[in-house]
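Below: one structure, written as structure tokens.
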Amino acid sequence: MSEPRAPFAPSWLLDDVIAEGLRALAEGEAGDAKRIDGRSLAVKASPLKGNSVHITTGMAVLPPGFATRAHSHSAEEVALFVRGRGRVTIDGVDHPVEPGTLLVTPSDLVHVTHNDAPDEPMVVLWFYAPPGSEARWVEPDKHETAGPA
């Protein structure tokens, strides 16, 4: 028996996704993006949204000087840094990031993303596989958004 397939191939323009994330950071919510735990997050594709099966993708915008909480998740994460400069600390090791950096965070390793720029938001396009960690952002009323992922 084959697994169900997404009924369509969702797509977005990167500039539109970035604008949505920046607007949510300023206003609290815009399109799929919401300000959660001090940054904006938008889950664009997820099995929970019915538009993917085995992967989740989305975008985060971190304000200047912001760092995420230390966290880990069972999903492997691929992050493409689109704007801003900083670092991702993975299992105690700092990895510098800038626009164009593609970084893979292995599953279950504690990591923190730091926007070290004093005056520029950091924009990150991310992909998780397997899906599941995004549930707290898609359904925040059903899941705690702070604390371990």
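The values are calculated or read from the model by the stated rules, or taken from the named source; none is laboratory data. On a predicted model such as this, the values are computed, not experimentally measured, just so you know. Using ideal geometry, Cβ is built from the backbone for each residue, glycine included, and neighbour counts are taken over all protein chains shown.
Per-structure values
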quantity: Contacts under 6 angstrom Cβ, first residue in region 104-116 being closer than 10 Å to Val88 by Cα, partner of a type in the set (Gly, Ala, Ser) and loosely packed, with under 15 Cβ neighbours inside 10 Å, 6 or more apart; calculated: Val112/Ala70
quantity: From Gly86, Gly100, Gly132, residue being among the small types (Gly, Ala, Ser), at pLDDT 95 or above, surrounded by 13 or more Cβ atoms within 10 Å (Cβ to Cβ) and touching a strand residue (DSSP E or B) at 6+ places or on another chain (Cβ under 9 Å); calculated: Gly86
quantity: Total residues in region 56-85, condition of a type in the set (Val, Ile, Thr) and touching a Phe, Trp or Tyr at 6+ places or on another chain (Cβ under 7 Å); calculated: 3
quantity: Output for region 40-67, where each listed residue is more than 17 Å from Phe127 (Cα to Cα) and either assigned to a loop (DSSP other than H, G, I, E, B) or of a type in the set (Lys, Arg) (or both); calculated: Pro63, Pro64, Gly65, Phe66
quantity: Residues that are outside any strand (DSSP E or B), under 19 Å from Leu25 (Cα atoms) and of a type in the set (A, V, I, L, M, F, W, C), drawn from region 68-122; calculated: Ala117
quantity: Odd one out for Trp137 among (1) at pLDDT below 95; (2) not in a helix (DSSP H, G or I); calculated: (2)
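The rows are residues; the columns are (1) at pLDDT below 90; (2) surrounded by 19 or more Cβ atoms within 10 Å (Cβ to Cβ).
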| position | (1), (2) |
| --- | --- |
| Met1 | yes, no |
| Ser11 | yes, no |
| Leu14 | no, no |
| Ala19 | no, no |
| Leu25 | no, yes |
| Ala30 | no, no |
| Ser40 | no, yes |
| Val43 | no, yes |
| Gly58 | no, yes |
